[in-house]
1. Each residue of region D:118-134 in order: what ³J(HN,Hα) in whole Hz does its phi give by Karplus 6.51 cos²θ - 1.76 cosθ + 1.60, θ = phi - 60°, with x for Gly and Pro?
2. Place a +1 charge on the Cβ of each Lys and Arg in chain B and a -1 charge on the Cβ of each Asp and Glu, then give the dipole magnitude about the Cα centre in debye, rounded to the nearest 20.
3. Determine the dipole magnitude for region B:53-194: charges of +1 sit on the beta-carbon of Lys and Arg, -1 on that of Asp and Glu, nothing else is charged, the reference point is the Cα centre, and the result goes in debye to the nearest 20.
4. For D:Glu238 paired with C:Asn149, estimate the spin-label separation in nm (one decimal), with each label point 7 Å from Cα along the Cα-to-Cβ line.
5. On a 0 to 90 degree scale, rounded to 10, what angle separates helix A:337-352 from the longest Cα axis of chain A?
6. With axes computed from alpha carbons, what is the tilt in degrees of helix A:155-168 against the longest principal axis of chain A, rounded to the nearest 10 within 0 to 90?
7. Among the trypsin sites (Lys or Arg not before Pro) within region D:138-188, which fall in a DSSP loop and have no more than 12 other Cβ atoms within 10 Å of their own Cβ?
8. Please list, in order, the residues from region A:101-116 whose amide nitrogen is less than 14 Å from a point placed 7 Å along the Cα→Cβ vector of A:Asn290.
4 protein chains.
Amino acid sequence: MRKIYDAVIVGGGINGSSIAFQLAKRGYKVAVLDKGKIAGKASGAAAGILGAQTELAEDGPLFQLACKSRSMYRILIPELEDLSQVHIGYQNKGVYKVAANKEEEQTLKRLIESQQKAGEQAEWFSIDDLIKREPSVSNKLRGAMYIPNDGQVQAYELSLAFAKASMALGAEIYEYTHVSDFILKDEKVHGVKTSQGEFLAESVIVASGAWSREVLERAGLSLPIIPVKGECFSVIPEKPLVQGTIFSHGCYIVPKQSGRLVVGATVKVNSFDEKVTLEGISTLMEKAQNLVPDIAKAEWERAWTGIRPQSADGQPFLGEHPVYRGLYIAAGHFRNGILLAPATGVLMADILEGKTEQPNPFELSRLESLVHTSNGVLL
Amino acid sequence: MRKIYDAVIVGGGINGSSIAFQLAKRGYKVAVLDKGKIAGKASGAAAGILGAQTELAEDGPLFQLACKSRSMYRILIPELEDLSQVHIGYQNKGVYKVAANKEEEQTLKRLIESQQKAGEQAEWFSIDDLIKREPSVSNKLRGAMYIPNDGQVQAYELSLAFAKASMALGAEIYEYTHVSDFILKDEKVHGVKTSQGEFLAESVIVASGAWSREVLERAGLSLPIIPVKGECFSVIPEKPLVQGTIFSHGCYIVPKQSGRLVVGATVKVNSFDEKVTLEGISTLMEKAQNLVPDIAKAEWERAWTGIRPQSADGQPFLGEHPVYRGLYIAAGHFRNGILLAPATGVLMADILEGKTEQPNPFELSRLESLVHTSNGVLL
Amino acid sequence: MRKIYDAVIVGGGINGSSIAFQLAKRGYKVAVLDKGKIAGKASGAAAGILGAQTELAEDGPLFQLACKSRSMYRILIPELEDLSQVHIGYQNKGVYKVAANKEEEQTLKRLIESQQKAGEQAEWFSIDDLIKREPSVSNKLRGAMYIPNDGQVQAYELSLAFAKASMALGAEIYEYTHVSDFILKDEKVHGVKTSQGEFLAESVIVASGAWSREVLERAGLSLPIIPVKGECFSVIPEKPLVQGTIFSHGCYIVPKQSGRLVVGATVKVNSFDEKVTLEGISTLMEKAQNLVPDIAKAEWERAWTGIRPQSADGQPFLGEHPVYRGLYIAAGHFRNGILLAPATGVLMADILEGKTEQPNPFELSRLESLVHTSNGVLL
Amino acid sequence: MRKIYDAVIVGGGINGSSIAFQLAKRGYKVAVLDKGKIAGKASGAAAGILGAQTELAEDGPLFQLACKSRSMYRILIPELEDLSQVHIGYQNKGVYKVAANKEEEQTLKRLIESQQKAGEQAEWFSIDDLIKREPSVSNKLRGAMYIPNDGQVQAYELSLAFAKASMALGAEIYEYTHVSDFILKDEKVHGVKTSQGEFLAESVIVASGAWSREVLERAGLSLPIIPVKGECFSVIPEKPLVQGTIFSHGCYIVPKQSGRLVVGATVKVNSFDEKVTLEGISTLMEKAQNLVPDIAKAEWERAWTGIRPQSADGQPFLGEHPVYRGLYIAAGHFRNGILLAPATGVLMADILEGKTEQPNPFELSRLESLVHTSNGVLL
């Protein structure tokens, strides 16, 4: 089997599918290759918080990208739902970033000020005001930074919607198709070799999440991305406990459709291990009960893990390979893969078309200071 | 524990929850009791076809009730979704009732004529026209009766939405609460005895599906309702295969959100057995492949059963107990429980309030000709 | 359908199946009726500890019955495995009943003395000795009472083995068959009415666990048995952590075949609710980590509940109905249903045959002081 | 992390674990690396038939190896069960290889003769004799070749037992550890690079099943092994239907412990796709009902797939890499991985120790005539 495409995307997670969607909209013949199933790893495991202001404390290029990406959802969701027939469960009821003590309170108040200066909405709720809005939250907290514009989606469904919308526009998806090597010649990529044969393409985009480093070593690049394991669980309370997402250091509670609460997430650096540990969920359970005591009575549903890709400087890599033309990378989104997917799709499509006007702060030229050389082959 | 309510509903399936919803809207203090979990039996197992014209061939009171109930969904769905925060997945893309041979074609054409006379839309599609609209349907069929107004919902989610919307309006739900007896005195019901103590109430409504007969024997009534087991399965095709529901004798294929296809249903009369048999799904698989050959390539997901309540004359029982005032019955909906839930909820609330203007064709007075006497106690 | 048997057993849990096995061995024509699936409730949920000395602290008739029942396993297991082809996973590596403080140590030392006097083996292990034998146990404990003869089985498999061995000997099993009433005449039972028709029998034995009270109310008897919900979970450590069962107040850890550890059990009195709560397993997890700290690293598997039947005086009811001849009861085994099953089977078969020589301390004549009258019908 | 071992085994399937077990017994310091979980692919999916005479029709080296391996089980099983505490479910009740028509009957009769000449037991049963022994088998068959010495195991449990027994002897298992490259120098292997760092070792053994080709391409070797997808399912009959394994062209039925029947297996060449298709199980169901009609009434349990490694000449590769000393291969067992595991473990340990006396018919020197060159790098 030898197939010819305009662009081949290595990885059917949310960012691979978002890129496929944008390229297919622009008329490209696209193939998405995944070693397993679509959205089978971190994208399907995420709690789906769109936490532009929640997760990215400091202003800067990533903060700007995140806010822009978040704002794209309003238009994107109906478009995706219409094309894919997948219900995404987009909700825009805000995030409460809570303070457990005076120190956290001061940090959050400074953050509110700084985000307001950056033009974003945020305000401080005392514990009394917080409890008026979210009566189930613990009265032992100090209060919360309320971020009205940070929302959430059902992450698996969103990933699926991107993939199915791409297919509706002509993209092809190949599951259980493992990329073993790149076809490289004259400092240009010409396709990939896979367990299902060769796929030839003008452009190849690696969007393989925590597995991007391993994939790119076949192109002489040791991308400084490490896997960070996270464990989550879900419970079903008898009645709704919270309206917005409750977010604290080390634990968040996200109210999903049908009444389910998703609680996450542990952080284990440098681990591909997908096992849920007793310790992991036991710790999360304790934290969750400290945030919302009545969650204790909720019905246990299940626990799972995701492996998130953390880059050395905390910024994703969105750009071209330093040597091989046509080989692009979109990886290292860490805990913000869902949030950043819309902007990632458009930015990568722009990069492929040479349309980016201003300097791209996420390109790989910053690698010189970050990268470990791989076998002396490159950099 | 002794609790006092205006109305206690025995059974947290879709009809019990729909009645609870209507009563709660009218200001009643309502409790729903279920021996297991809400929507845990037939309501959660249903494929969710709103087949007023598909399932009920002949005009008559039930046909009228079904069409009315179907039309209530348009207003009901947003109301329920808003109150419950549950996404119901309501779709209104029509049903194709297919003909496999000339005889079936003639039957369907007569049915179209008769339904048109009754004021409902329906039209005949030749196999060529059918394939233009649904290209994956087998070209060995003769054509189809197209019913644009028969749609579908996600049955479990709809049941959950009714229950959660009721709770939002003040109703209380008691799961794992088994009703062992009625509290009867002076030819009036005063409540029920349960595994969790007594629940006192002015009115008690039995909406226990296939288990209604057993429940009502405690009130001296041998309701002629038998359990009819049905097996279903779901698969996930790579790409959408059909837009509308494909319905044939003995097999239907319902396209649900996220791309899943639900295929149903076998018919085993007089069985409470909830096991899926190899024979059952094997037979369904063969039929489904005859309807839509490419379903063969779809990914297997899972199989399940539901126990449907069939009444002796094919009509539901919606009315008061012949002896005990305040004791109502809403049972025997057979394969139309989802379809009939909105109208059942309103009709039962009206009956409780003595508001029904015209004669009710579903009342239990027709029992004389149907019922088997129970221990000589009654009728 | 009307079927005729020597004995009908209401309930396909472990005691119902054990009785069926003994009766089938003695040549009776037996039917076992279960409203759901065989071993679908508490019998399938149990951790399977054979804790004659662990659970039953004081000497007395129940202690004697428990020790006798435990000793029957050695012969019974190979017989059942041979007839049923089910692997039961019987293990006889002892139980360590640990002391967390000086007070518990003294209590256990007194218990050792008393059990030794009763002729049973038990000895005290200091924390150093305990850790020599079980190196993963926490060194913050004081020590443990070691009970070499208390073992364990896989409870679901054992229940299944009893049922299948009974079938191999000619017994018939009817699943999804709900008993709605007894056929009573002239102060004698003649059979039962069920959702699948009538079953006529000389003898009817109710072995319905926590549901026995509800069943027996149809025969005018309010048996003082309440449901006690218990939650459990299982994890899979990388390497075996313990050889014997570790038992403490409120938490036990049972090493099962294939390396799985079963941890139990919470106690919620008067609840039929089968939902696992976050609070329940969170509490158990904390206790388990206090007993065996390295369990923290084990892989999470799943959680479940069982509803155990607790009698008013802590003793099972094993005898005949006070009014209706031929109607027998074997219920109220609480947390010792697995342990007591072999002796229960033989004792009940003896009672049916009038073979019990000595006075039976478990008969229902003690009900006078225990029972609440039911509707004034009886007692 | 840099770890040093005598031998590193790439792949924690049954053959990797069997080799680890033999090497650990001989005192080697061994690590087993698996990209996922132990026995997570084909080894955990296999039906577990030990079909030396059933599967390998012709006499020859592979037939001899298979018969030898089969005979090793009798001693191996108790040893593994004792060390691992895993119950393997070994059964030795024979296989019936059935004939559906006269042609198949003649083929089987010739096969019996030839196997008897090779010193193995086999006999012909007419359909009447067959039904006497296996009354549930279809009377439309012609008869069966009965192979008393072909038995079966629970494949997942056996794989787990090999792994845990290895650990008990000091081997280390690393799950979720992906091998990305070999450390090669001076025509010798020195270890592997993985997602968890480097593992240095004197010897590296690749036992990666269908993924062996991809792994070995990092060492310049294009092993002619293709993935062959197989789908299976399991059902639970009310009573045991068969004692022995029923084996036909395209379908076998294996009676496992606890009464479960495993039915397999479809054959889809060159596919890594792990999805179960409707077509796949639908076809198997039909064949199974033709073999044992009463399986129709059995309860559906679940379906799954395994990806089996088929070599170009149908023989496994058991030997050293043609260029790099210390790099060994044990792959390509196709449908006989479970059967061949004991002999593979011993043979590979012998090869590592240079102990193989006679010429090894499975070594890679036969590659010249089989192998496709990979990128011109080698061969």
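The values are calculated or read from the model by the stated rules, or taken from the named source; none is laboratory data. All values derive from a computational prediction rather than experimental measurement. Reconstructed Cβ throughout: ideal geometry from the backbone, glycine too, with neighbour counts over all protein chains shown. The accessibility values were calculated without ligands, DNA or RNA, using every heavy atom of the protein model including side chains. Shrake-Rupley method; radii C 1.70, N 1.55, O 1.52, S 1.80 Å.
1. 6, x, 9, 7, 6, 8, 8, 10, 5, 4, 5, 5, 4, 5, 4, 7, 10
2. Taking the Cα centre of chain B as origin, the dipole is about 380 debye.
3. Values: 17 positive and 22 negative charges, 54 e Å.
The dipole magnitude comes to about 260 debye.
4. 4.2
5. That works out to roughly 30 degrees.
6. Helix A:155-168 and the main axis of chain A meet at about 40 degrees.
7. Working: sites: D:Lys140, D:Arg142, D:Lys164, D:Lys185, D:Lys188; in loops: D:Lys140, D:Arg142.
Hits after loop and neighbour filter: D:Lys140.
8. Counting backbone N atoms under 14 Å from the label point, the list is A:101-105.
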